[in-house]
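One structure is given below, encoded as structure tokens.
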Amino acid sequence: MPDHLLVRAARGEAVERPPVWAMRQAGRWDPEFRRIRAGQDFYAFNEDVDRAAQATLCPRRFGVDAIILFYDITTLPYAMGLPFALKTGAGPTPDRPVRTPDDLKRLNPEPHPDSYGYIRALLKKVKAELGGALPVIAFAGAPFTVATYCIGTGKDVAATRRFAAENPAVWDGLLDRLSVATVGFLKTLIADGADVYQLFDSWAGMLDAAEYEAWAQAHHARILAAATGVPRVLFVKEGPYLDRMASAGAEVVSLGRRHDLAAARRAYPQLVFQGNVPEHVLRTGTPADVEAAVRECVAAGGGTRHIVNLNHGVDKSTPVENFEAYIRAAKGG
Ligand code: 1CP
């Protein structure tokens, strides 16, 4: 079986057209996903491998060029010993947020692969069902973004800063443990056959340059240096520090709207860029608006060293016909 379009593009090879997928493609914007998910507790649903596989494969019917596994960035700290519940409006919330050195000690930096055995089983099942037709993307949250959920602050960066200032040893220890665990987790999924992985540092784009260096960049570099063997994508939601992202060690950098795709390609010819169709056009525009935005992106992407994606995840209010237009236009239809 020849290598997948997405894998070839991620390696920088000449391709017939740029591949397309979307962050958060398996999600609540899709009525089929909502039907399968049917209000069950998020983490219990995820451990039900048959149904999690159905959720993972939902976007296949739209013609995407890759399938991202259905789990969450909090799945790993859950396996490390920190249970979460998904609360409406608040996102993943730990039953007992990490506060003290003792809380930290309860987080196992080397969880046994059986503790996330349902993710490994999901990967195996999804690969079997795809029969090689599409590549499978595994992912992890980067330590900074995952740590914000472990301490219970999420995207409230002011509250995260306060926690780090008041509990520097717990904060640094938490980032460290998450880094170690993330490397082990990704290496396991690579050995199990994941074709690509993406590291999501969604909230690190709100950090100042010094914080970014210590809390984001250092950990990206460490993880990307250790978990190798497949193409790697680094995503920071509207990340401002392109130069740092470009030197973290990932072959592919996911680009937001604050950067110009054609200019980024000229500045970093050795990299592959992913992005950067504006998510809000899918959420609020017409199918014709979406097609125009995709065509503009494909032109700026120059045909190679480009993976079509959004600047961030598909919003839950996105109309299905706009997602269809997104894929159709990326494929030149
Ligand atoms: O009921 C549901 O189904 C809840 C929605 C949901 C979904 C579909 C959550 C809760 N997690 C997921 C799965 C998920 N999460 C995937 C796999 C599916 C896919 O991408 O198609 C991925 C890659 C994630 C990653 C994730 N979770 C990120 C990074 C990406 C991003 O959007 O920036 C983050 C920040 C989270 C946290 C999270 N998980 C869920 C919620 C509601 C949130 C909070 C997000 C926020 O506050 O914006």
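The values are calculated or read from the model by the stated rules, or taken from the named source; none is laboratory data. Not measured: the values here are computed from a predicted model. All Cβ positions, even for glycine, are placed from backbone atoms using ideal geometry, and neighbour counts span all protein chains on display.
Side notes on the structure shown:
- Qualifying residue in segment 141-149 (condition: crowded, with 19+ Cβ neighbours inside 10 Å and more than 24 Å from Arg24 (Cβ to Cβ)): no
Per-residue answers, yes or no, for (1) touching a residue at least 24 places away in the same chain (Cβ under 8 Å); (2) surrounded by 16 or more Cβ atoms within 10 Å (Cβ to Cβ); (3) in a loop (DSSP other than H, G, I, E, B):
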{"site": "Ala9", "(1), (2), (3)": "yes, yes, no"}
{"site": "Glu16", "(1), (2), (3)": "no, no, yes"}
{"site": "Met23", "(1), (2), (3)": "yes, yes, yes"}
{"site": "Arg51", "(1), (2), (3)": "no, yes, no"}
{"site": "Cys58", "(1), (2), (3)": "yes, yes, no"}
{"site": "Arg61", "(1), (2), (3)": "yes, no, no"}
{"site": "Asp72", "(1), (2), (3)": "yes, yes, yes"}
{"site": "Pro97", "(1), (2), (3)": "yes, no, yes"}
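- Tally of residues being of a type in the set (Phe, Trp, Tyr) and away from the ligand (no atom under 16 Å from the Cβ) across segment 118-141: 0
- Verdict on Ala90 being closer than 26 Å to Gly256 by Cα and surrounded by fewer than 13 Cβ atoms within 10 Å (Cβ to Cβ): yes
- Condition broken by Lys105, with the remaining ones in (1) surrounded by fewer than 20 Cβ atoms within 10 Å (Cβ to Cβ); (2) touching a residue at least 40 places away in the same chain (Cβ under 8 Å); (3) away from the ligand (no atom under 13 Å from the Cβ) satisfied: (2)
Here is a yes/no grid of residues against (1) of a type outside the set (D, E, K, R); (2) surrounded by fewer than 23 Cβ atoms within 10 Å (Cβ to Cβ); (3) within 16 Å of Ala9 (Cα to Cα); (4) at pLDDT below 95:
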residue	(1), (2), (3), (4)
Gly256	yes, yes, no, no
Ala262	yes, yes, no, no
Ala267	yes, yes, no, no
Leu282	yes, no, no, no
Val294	yes, no, no, no
His306	yes, no, yes, no
Lys316	no, yes, no, no
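- Odd one out for Gln40, checked against (1) polar (S, T, N, Q); (2) in a helix (DSSP H, G or I); (3) without any contact (Cβ under 8 Å) to a residue 24 or more places away in the chain: (2)
This table checks each residue for (1) among the polar types (S, T, N, Q); (2) within 21 Å of Phe185 (Cα to Cα); (3) away from the ligand (no atom under 15 Å from the Cβ).
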position: Leu5; (1), (2), (3): no, no, yes
position: Glu13; (1), (2), (3): no, no, yes
position: Phe70; (1), (2), (3): no, yes, no
position: Lys87; (1), (2), (3): no, no, no
position: Gly91; (1), (2), (3): no, no, no
position: Arg96; (1), (2), (3): no, no, yes
position: His112; (1), (2), (3): no, yes, yes
position: Tyr116; (1), (2), (3): no, yes, no
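- Hits in segment 183-229 - residues which are assigned to a loop (DSSP other than H, G, I, E, B) and either within 13 Å of the ligand (Cβ to nearest atom) or within 15 Å of the chain's Cα centre (by Cα) (or both): Ala194, Asp195, Asp201, Ser202, Trp203
- Taking segment 240-279 as the range and being assigned to a helix (DSSP H, G or I) and either without any contact (Cβ under 8 Å) to a residue 40 or more places away in the chain or in contact with a Cys (Cβ under 9 Å, 6 or more places away or on another chain) (or both) as the test, the residues that pass are Leu242, Asp243, Arg244, Met245, Ala246, Leu261, Ala263, Ala264, Arg266, Ala267, Glu279.
- Unique residue being crowded, with 23+ Cβ neighbours inside 10 Å, more than 8 Å from the ligand (Cβ to nearest atom) and more than 23 Å from Glu32 (Cα to Cα) when the list is Leu76, Leu82: Leu76
- Test: Gly39 is within 12 Å of the ligand (Cβ to nearest atom) and either more than 19 Å from the chain's Cα centre (by Cα) or among the β-branched types (Val, Ile, Thr) (or both): yes
- Hey, Val314 touching a residue at least 12 places away in the same chain (Cβ under 8 Å), of a type outside the set (Asp, Glu), touching a strand residue (DSSP E or B) at 6+ places or on another chain (Cβ under 7 Å) and within 22 Å of Gln198 (Cα to Cα) or not: no
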